[in-house]
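Worksheet: the structure to be examined is printed underneath.
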Amino acid sequence: MIKKVLSIATLCFALTLQTQVNAQNLKSEAKFWIKGSDAKSAVNLNGNYPLSEDNQGAIMTQLGENHSNFYIVFQSFDANAVDLADMNMKCYQQKITTQNINPQSLDVPLSEKIQTGAILKYGFNLGNYKVTDEFMLVNNDKDRTYIYEIIYMNKEFTDIDHKYLQTYLSLKYGISLIDNNNYLSNENVVLWDNSYAPEFNKNIIGLGKSNFYDFNQNSSINSVDKLLTVSSNSLRNEEYVLIGNTAKSNRFENSGSEMVLDKTYLAQTASESEENVTLTFNNSLLENFDTSKMVYLTINNDVKIKGNVDKNAIVFNDVILNSNGSGKDLLSLSYDLSSVKAELAEAWFLNDRGEITIKPEIKADKKSDYTVAWYVNDKLISNKKDLVTNKTGVYEMRVTSNNVTNSYETNVYNKIDGKVSNEITVYPNPVTAGQDFKISYNLTSESNVELYVYQMNGKLVDQRTLGRFNQNEFNYKLDSSGVYILISKVDRKANINKIIVK
């Protein structure tokens, strides 16, 4: 193996023996810490890239006396062992290779594990030996082995210290820990309760934000199970969302009126508040999936969210986790067997005469018959497709075909004569078509905010997730004249504004 040498200056300071909980950040704790950043690389783990080509070869730093602990995240497509760490000192020689992992601890073959990504930990104690030689980390630029991150700590590690670092590296790189009891935040919070429902302790991935690790993982996919990607931009410091699954097949099974994915999921949230995430399923990995059907995500066998389906993915936006405050949410994927598709706007507004005709869009195969029924408070009010009403409130439309019924809800509001929410300001108002205007938020507390833009006839013009904040301002414009309703959902509560576009 040809080795290049790149000298790196070593910081010489006395390391305190305080635990990571009391340290300001990992940078102040680690004697040596290097992360990959080469976005041109052909390989990545969970969106993170290995050490760049300029840093491949040997990286050299001095060892400290007494206890040494280091972690290496790597991925290898080489059939033979490749050096990761090569220590050469007068009193101690040791090679660490890509195959220095105990295969008895794995539930997959060693070759598969190192190809999909591995976290290697190694520790030793030199006592009071005064180190004068060098500690060499190796990655040959001619092999197919990639190092993503190296952390070297010159201190004695407790079991908790190991869990801290393993959790950070696991969530960052999408590599599930072998021991699912080891997920622990830097603030000593258990992130995964493996006793709650043991059948879900497989393929665990997660999102997290931690200033201690300079870590903000806002999108994650498992290094082995590529079906699900979870993402969010609303996590605050030391907030985490972890998701495990049953490791069953990616096949849909018949369950009467619908087809249900054999694999189910459990989300655990380390937060006192709700978390807003996006879940994306890879269509190409699903078996016997009919892209013409409506697909739903069911949360805790109760709430159903309709997915957006294209040829590549099924996307569920604005999935609210921890809505019941338990920190646990069961998730399942299904599609109905009906050949009828319906679209119904979420909001309608009474006109100047105090009435509105709600017109859903319903598409059906030529051979498919269907019926429509409208309900208010579970009471049938109409069997016509289009509903004429002069009353505000929540309306439910039920469409039945081939003994399968799908339910849709919409809201009818009064005619809007001015600003409704005193926390949200729209200005200037009116504006001319194509002119920018501002939507200003001055909320009483930090909240998740979504924006929906409707025409007065209830047609949805635009939908955006704005993020989590209490004060913010956004520029917006509308290219066509008319009266528009702006509905800001603040933690899922509707706030209404009107704007006139001339």
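All of the numbers you see were taken from the coordinates with simple rules; none came from a lab. None of these values were measured; they are calculated from a predicted model. Note: ideal-geometry Cβ built from the backbone for every residue, glycine included; neighbour counts use all protein chains shown.
Strictly greater than 12 Å: what percent of every Cα pair in the range 183-222 meets that? Within the range 183-222, distances greater than 12 Å cover 66 percent of Cα pairs. Net charge near PHE469: determine it from the other residues with C-beta under 13 Å of the C-beta of PHE469, scoring Lys and Arg +1 and Asp and Glu -1. Combined, the nearby Lys, Arg, Asp and Glu give -3. Computed extension length for ASN411-SER111: 102.4 nm, one decimal, from 0.36 nm per residue of separation with the Cα-Cα distance subtracted. Oblate is the label for the range 238-373. Its Cα gyration tensor axes, ordered a ≥ b ≥ c, give a/c of at least 1.5 and b/c at or above a/b. If you take the alpha carbon atoms of the range 380-502 and fit the smallest convex hull around them, that volume is 137 Å³ per residue. First select every other residue whose beta carbon is under 12 angstrom from the beta carbon of PHE252; then total the charges, Lys and Arg +1, Asp and Glu -1. Taking every Cβ under 12 Å from that of PHE252, the sum is -2.
Summing charges over all other residues whose Cβ lies under 15 Å from the Cβ of ASN211, with Lys and Arg as +1 and Asp and Glu as -1, gives -1. In the list (i) 0.99; (ii) 0.95; (iii) 1.06, the label attached to Rg/Rh (Cα atoms, Kirkwood Rh) as derived from the coordinates here is (iii).
Using only side-chain charges placed at the Cβ, +1 for Lys and Arg and -1 for Asp and Glu, the dipole size of the chain relative to its Cα centre rounds to 1020 debye. Full extension of the chain between ASP491 and GLU253 yields a length gain of 82.2 nm, computed as 0.36 nm times the residue separation minus the alpha carbon distance.
Backbone amide hydrogens, once placed in the peptide plane, bring GLU239 within less than 5 Å of LYS209, excluding anything fewer than 5 places away on its chain.
Placing a pseudo-label 7 Å from each Cα along the Cα-to-Cβ vector at ASN100 and SER326 gives an inter-label distance of 4.5 nm. Please tell me the relative contact order of the chain in percent, rounded to the nearest whole number, where contacts are Cα pairs under 8 Å and at least six residues apart. Relative contact order here is 9 percent.
DSSP bridge analysis restricted to the chain gives an antiparallel fraction near 95%, rounded to the nearest 5.
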